[in-house]
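Reviewing the structure listed below.
The values are calculated or read from the model by the stated rules, or taken from the named source; none is laboratory data. Bear in mind the structure is a predicted one, so any value in this text is a computation, not a measurement. All Cβ positions, glycine included, derive from the backbone under ideal geometry; neighbour counts span all protein chains shown. Please note that ligands, DNA and RNA were not included when accessible areas were found on the heavy atoms of the full protein model with its side chains. Shrake-Rupley method; radii C 1.70, N 1.55, O 1.52, S 1.80 Å.
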Amino acid sequence: MKKLLVTVSVIILVGAAIGAWLFFGPTTSFKGDRAYLYIKSNGTTKQAVMDSLDKNDIISNKATFNFLANRLDYWKNIKPGKYEIKKGESVFAIVRMLRNGRQVPVKFTINKVRTKEGLAEMAGGKFEFDSTDMLSFLNSKDSLAKFGVDPEVSLSVIIPDTYTYYWNTTPRKVYQKWYDASQKFWTDERKQKAEAHGLSPLQAYILASIVEEETNATAEKGNIASTYMNRLKKGMPLQADPTIKFAMKDFALTRIYEKYLSTESPYNTYRNKGLPPGPICTPSKQTIDAVLNAPKTDYLYFVASSEFNGTHEFSSTYEEHMQKARQYHDALNKRDSLKKQNL
């Protein structure tokens with residue numbers, strides 16, 4: 001009798017140990033340090049989850065997963081999202097994470113974006129929705145009405161930064177976070193600085209987008225902004241080369257020839273006076289502040305330096321500007337000629 005009891009006890013202990021191992025031991029079968037399980041908003045079914053686990057080779061014992069998921073009522077509480085599963089995690093830990101909807105955050109970093117199409121493509125690679133959903137939102141007057149913007153300036157609420165979301169966030173909620181960040185950025189102090197220059201926050205943003213495309217030299221952004229503001233005050237066209245690139249949707253242009261200046265577009269600041277109707281990129285915080293803190297100058301012209309060091313030469317008169325422009329074009333032609341000779 002004692003031997004029987006010992007045998008039964010051993011069997012129970014072994015069974016318990018096996019059960020504990022199945023539920024709490026490592027169950028992952030992928031090779032890397034982590035894998036991701038995507039549960040779509042329209043795929044919150046048991047079959048969809050099991051198919052995804054199988055397709056991505058995430059766990060080694062699907063029967064144990066199914067059993068525990070039944071016991072923990074997971075199949076009645078499936079939550080869509082992106083879930084990170086670390087190598088060596090147990091079935092219990094995975095089921096509990098899924099049941100509680102503990103998604104891994106998605107970080108969406110925006111630096112300089114030039115077009116709505118480009119932004120939509122970026123978003124489509126980060127979220128459950130695709131790029132066409134994001135682009136439709138950015139082009140929808142009805143969707144944007146809540147935020148007080150229209151499709152032409154829908155990018156103007158974006159302050160380049162890293163934003164954190166969940167994978168199944170909708171385009172509206174993605175945009176809402178950009179809008180909220182923009183509202184915080186535009187403090188009373190910044191609004192007052194814009195007003196002192198005769199600009200609204202939107203106009204300052206549009207001007208900053210041009211400055212952003214004009215130079216990478218932080219030290220001269222204020223002078224470039226000042227030059228453009230002086231031209232605006234005098235009713236002169238901005239004649240900003242980056243707006244030609246935007247109008248032509250050719251951002252690879254390295255030289256703006258005269259034939260390009262006749263491009264039909266409201267963004268062509270050679271043909272149209274004033275600011276373009278919307279931003280030509282998403283300018284950095286530093287560039288926006290450079291516009292807001294632009295010094296008072298009498299500059300009306302600038303041209304790239306003939307030293308080709310990424311800076312510009314500023315002038316107050318047309319005669320002085322033409323002299324510097326000739327120096328630059330002579331240097332540019334010489335450089336191009338040397339390149340051809342070395343080919």
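A few comments on the model shown:
- Test: residue in the stretch 64-77 that is modelled with pLDDT of 90 or more and under 30 Å from the mean Cα position of the chain (by Cα): no
- Residues that are touching a Lys or Arg at 6+ places or on another chain (Cβ under 8 Å), surrounded by fewer than 17 Cβ atoms within 10 Å (Cβ to Cβ) and farther than 25 Å from residue 242 by Cβ, drawn from the stretch 114-152: 143
- Any hit, the stretch 167-187, residues being surrounded by fewer than 22 Cβ atoms within 10 Å (Cβ to Cβ) and farther than 30 Å from residue 125 by Cα: yes
- Only one of the numbered conditions (1) open to solvent by less than 20 Å² (accessible area, probe 1.4 Å); (2) at pLDDT 90 or above; (3) not basic (Lys, Arg) is not met by residue 25, and that is (2).
- Taking the criterion of being aromatic (Phe, Trp, Tyr) and closer than 10 Å to residue 287 by Cα, the only residue of the stretch 204-237 that qualifies is 205.
- Scanning the stretch 78-106 for residues that are β-branched (Val, Ile, Thr) and in a loop (DSSP other than H, G, I, E, B), we see that the one that is modelled with the lowest pLDDT is 78.
- Any hit, the stretch 115-133, residues being in a loop (DSSP other than H, G, I, E, B) and under 15 Å from residue 281 (Cα atoms): yes
- Across the stretch 287-311, the qualifying residues are those that are open to solvent by less than 30 Å² (accessible area, probe 1.4 Å) and part of a loop (DSSP other than H, G, I, E, B), and the one among them that is farthest from residue 242 (Cα to Cα) is 294.
- Listed by first and then second residue, the pairs with beta-carbon distance under 7 Å, at least 6 apart or on different chains, first residue in the stretch 295-312 and within 14 Å of residue 221 (Cα to Cα), second in a loop (DSSP other than H, G, I, E, B) and open to solvent by 40 Å² or more (accessible area, probe 1.4 Å), are 310/216.
- Residue count for the stretch 83-113, restricted to those that are open to solvent by 40 Å² or more (accessible area, probe 1.4 Å) and in contact with an Asp or Glu (Cβ under 8 Å, 6 or more places away or on another chain): 5.
- Residues that are assigned to a loop (DSSP other than H, G, I, E, B) and exposed (fewer than 14 other Cβ atoms within 10 Å of the Cβ), drawn from the stretch 41-77: 41, 42, 45, 57, 60, 73, 77
- Single residue of the stretch 216-248 satisfying the filter (farther than 19 Å from residue 270 by Cβ and part of a loop (DSSP other than H, G, I, E, B)) that is farthest from the chain's Cα centre (by Cα): 217
- The set of residues in the stretch 312-343 being under 20 Å from residue 241 (Cα atoms), assigned to a loop (DSSP other than H, G, I, E, B) and open to solvent by 50 Å² or more (accessible area, probe 1.4 Å) consists of 317 alone.
- Test for residue 187: is it touching a residue at least 40 places away in the same chain (Cβ under 8 Å) and not aromatic (Phe, Trp, Tyr): no
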